[in-house]
Every structure is written in C-alpha cells, then in structure tokens.
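Below: one structure, written as structure tokens.
Quick note: the coordinates plus some simple rules give every number you see, no bench work behind them. Quick caveat: nothing in here was measured; it's all calculated off a predicted structure. In this analysis, Cβ positions are derived from the backbone assuming ideal geometry, glycine residues included, and neighbour counts consider all displayed protein chains.
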C-alpha cells in the first residue's frame, strides 16, 4: 500500500503541494491578521471590491478574445494584447480631433460611440489580418510554431505602432458625463466603473449567446471539435476561424475603450500587462470556456484590488499595493496547483490535449 | 501578349506591394535607412529599401505567371509595378492636402521627397 503511494507521488508533487500550502497559509494568516488589526472599515473593502470588478471587466473582455481563439484553434494568440492596444491607440487621434473642434464636448455620446466604433473596427481588422497573414499558413504546422509566431507578431505589432504613432503617451480627453458617482443603496460607485462592469457583462453574454445559440456558434464549436469533419459537413473552416478572430478582436477593441475610461492614457506598450493578466484570467477560469474567462477575470480583478490590503497589510508589509501583480500571479499558481484545468475548464484527455 | 493571371490578381499584388512601401515609410524605416549611402550621392539604403518590394513582387508575379514568355512576364511585372507605384504615390499626394504628421510621426516632408525622388 505504502509502496503504491510512493510510486504515485513524486518529489515534484510534494514540492508543488508544499508551495500550495505555503501560499494558502499566507492568504489565511494574512487575512485574519488584517481583519484583527481593523485598519480598514467595510466601506474601503466595498470600494476595493468594486475597483476590482471594474478592472476584472476589462480583463474579461481581453480574456474572451484569448479564450474563443483557443477554443477554436487550440492556440494561444499572444499577439492579442497588441490587438487590444491597437484600437484605443489609433482611436485616440479621432478623440483628440473631435476634442479640438469642440464636438467632443458638445456631443459626448456620439463622440464616444464614434471612438468605440473606430477602436473596435481597427482591432477586428488587425486580428483578421493577423490570422490571414501569420497564422493561416501555419494551420497544419506543429503547435509550437504558431505559438512562437504569435510572440513574434506581438513584438512586430508593438513596434509597428511605435513607429506609426511614436513612443510617447497620448491622453484621451475627459468625458464630462462620466465624471462623478452613482449611488446604489448607500454605496457611491464611479460612473466609469459601472459602465465598465455592465459593458463587460453584456459583451460576455453576447459572445456566449453567439457561441451557444447561433448557427455560426455551432459551426465554431464544430471546428473546435474537428476541423476536417467540420469541413466535410460543409462548414467553411477558414471563414469560421476568420470570424472567430474578428469577434475576439472586437472584444479586445471594446476592452481597450473601457480600459481608457479607467486609465485615460495610451501608449504602444499598454497592452502587455493587461494582456498578460487577461491570459492569466482565461487560464484561471478554464481556457476555451467563455463564462470561465469572465469568471476568472473577475476573480483576478478582485484579488488584485483587494489582495494586497487583505493578505499583506496585516502582516506589516509596507506599501503592499506594489505587490499586486505578484499576488495575482501567485494566486494563479495556487489555483492551478489545486485545479490545473481552471475553475470552469473541462478535464481534457491526453489525446485531445 | 495576354497574361493568364487575372486582372484582380495583378491588381491585388500591386496593391499589397504599394501598401508595404507605405508601411515601410510610415514606420520610419525608409527615412532612417536613407541616411546611409551605398554609393555616395547615388544609391542610399533608403532607396534600396523603397525598390526592394517592387523587385520582390515583380519576381513573385512573374513566377506565378503560367505563360513564361518574356513579353507576358514583362507585362505582368509592369502592371503590378504600375499599380504599386500608384498606390505608394498616394501617400505624398495625400500628405500635400492633409497634415498626416498629426497622427503618423514619420510622415515627414523628407519621406515625401524620397518617395517622389
């Protein structure tokens, strides 16, 4: 009996579990100590949670792009963070032009709509071009090849946009109607945060409905299962993959606009960190699963906002907010140790993987 | 002298060529490369970079052409080059009417002068 257990459990497993237990201990101990110290009241925790939800909403829109592309092609599109950057980075010039001629202030709703449409279009077109030029020729190549290509495409797009628009920061003009707060019960919430959370939720529902309820979604699921059989059933595989990239790009473009509502500055490198976080969120929720990506993003956003104060403040660590990225990725490691397929991810067989 | 490639194929190849030239210009490569001479006062790296896509796409079109007679190959290359040249020329033409530099930092008069020879 003991020998069987010894054969099953390797040293690597033991090390991984020790790391998991250590992380779990820090989380529980830090939380208890912080609550005992009572440095923050309930209002602060609510504010932090709402901030986390808004941040999670942006991550969710990027993560949806990662997850639907992975769902169909079983490929991580690492250039997706640049698709996210391209939309708002291009649309900033329209916003500035509208602001200069006064249209931004006189017609803020139409201006925001125009900027959003431009950002979504740019991101979608770029995602489709990327698929057509970089990924389609590698459709039957080993899985590592498109992955490396995606990393290359990511750098290519980053430095292309730096070449086009420069390496400086560009600021979006302020929108007067999104200033201030709305009160829910007795809790004031920033209007931008409400807009971001609601938009992310709507986009998730739209994408989920497309995948589950429409003919195109059925074709996407068929292509995801088996491209050759789907092709024999009369599905235009190239077209479906192209539409998947367009949808992912649109989601990233919208995510970019929501991101600039929270942080109204754009630059060529702005996609890197949110892209990485969104990828983490997609893995956390179970990559390939649309509600999973949303859930993972929300959890990551909340952990990033609440985690530093909750886990580290009570242990006397100074300026814990600087460690927010470390917390987000450590929690990812912890969840992947417990559940490698992600929160809502299916356990796939070796052959399918 | 009739190419077996369709007009759309020639047109799209020429367009892609032109777009690549505009891309290289707007990214800033042509202007930066132009500061280095290959033959002093005659050929610079910038002009080489400008002509490279034309040669490359001319070669690709000629290779795609099933009818390999000299006249047809030259004709397809000529049409592709013409379309590409026209597309690339749109940038300096547009630059005369609109200040592209507000958006594209490399859309400078120097770039336009290189494109116009």
- Project the alpha carbons of the stretch A:203-353 onto their principal axes and report the range along each, largest first, in whole Å. 63, 38, 25
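Taking Rh as the Kirkwood radius, which is the inverse of the mean 1/r over Cα pairs, what is the Rg/Rh value for the stretch A:10-338? Before the final figure, lay out the partial values.
Working: Rg = 20.9 Å, Rh = 20.9 Å.
Across the stretch A:10-338, the Cα-based Rg/Rh ratio is 1.00.
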- Please work out whether the stretch A:264-353 counts as rounded, prolate or oblate from its C-alpha gyration tensor, where a ≥ b ≥ c are the square roots of the eigenvalues and a/c under 1.5 means rounded, while otherwise a/b larger than b/c means prolate and anything else oblate? oblate
- Message: Let me understand the stretch A:1-149 better: what is its radius of gyration from the alpha carbons, and its Dmax, in angstrom?
- Response: 24.0, 79
- Ranking of A:90, A:244, A:10, A:34 by count of other Cβ atoms within 10 Å, fewest first: A:10, A:34, A:90, A:244
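Beyond 19 Å, what share of the Cα-Cα pairs of the stretch A:125-271 remains, rounded to the nearest whole percent?
Values: 7125 of 10731 pairs.
Roughly 66 percent, once rounded to a whole number.
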- Query: What's the angle, to the nearest 10 degrees (0 to 90), between helix B:45-64's Cα axis and the longest principal axis of chain B?
  - Reply: 20
- Item | Net length gained if the chain between residue A:228 and residue A:103 were fully extended (0.36 nm per residue, minus Cα distance) | 39.9 nm
- Note on the structure: quick shape note, the stretch A:127-171: Cα extents on principal axes in Å, largest first -> 41, 18, 15
- Message: Taking the 0 to 90 degree range and rounding to the nearest ten, how far is the long axis of helix B:7-27 tilted relative to the main principal axis of chain B, both from C-alpha atoms?
- Response: 20
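Tell me whether the stretch B:7-115 comes out rounded, prolate or oblate; compute the Cα gyration tensor, take square roots of the eigenvalues as a ≥ b ≥ c, and use a/c under 1.5 as the rounded threshold. Walk me through the numbers on the way to the answer.
Numbers: a/c = 2.87, a/b = 1.60, b/c = 1.79.
Oblate, since a/c reaches 1.5 and b/c is not below a/b.
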- Query: Can you pull the three principal axis extents for the Cα set of the stretch B:39-96, in Å, largest first?
  - Reply: 39, 31, 15
- Message: Just to be sure I understand: with springs between alpha-carbon atoms less than 10 Å apart, which residue in A:326, A:150, A:119 has the highest mean-square fluctuation in the Gaussian network model of chain A?
- Response: A:326
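Return a whole-number percent for the relative contact order of chain A, with Cα pairs under 8 Å and 6 or more residues apart as the contact set. All intermediate terms of the calculation are to be shown ahead of the outcome.
Working: 530 pairs, mean separation 123.5, N = 353.
Relative contact order of chain A: 35 percent.
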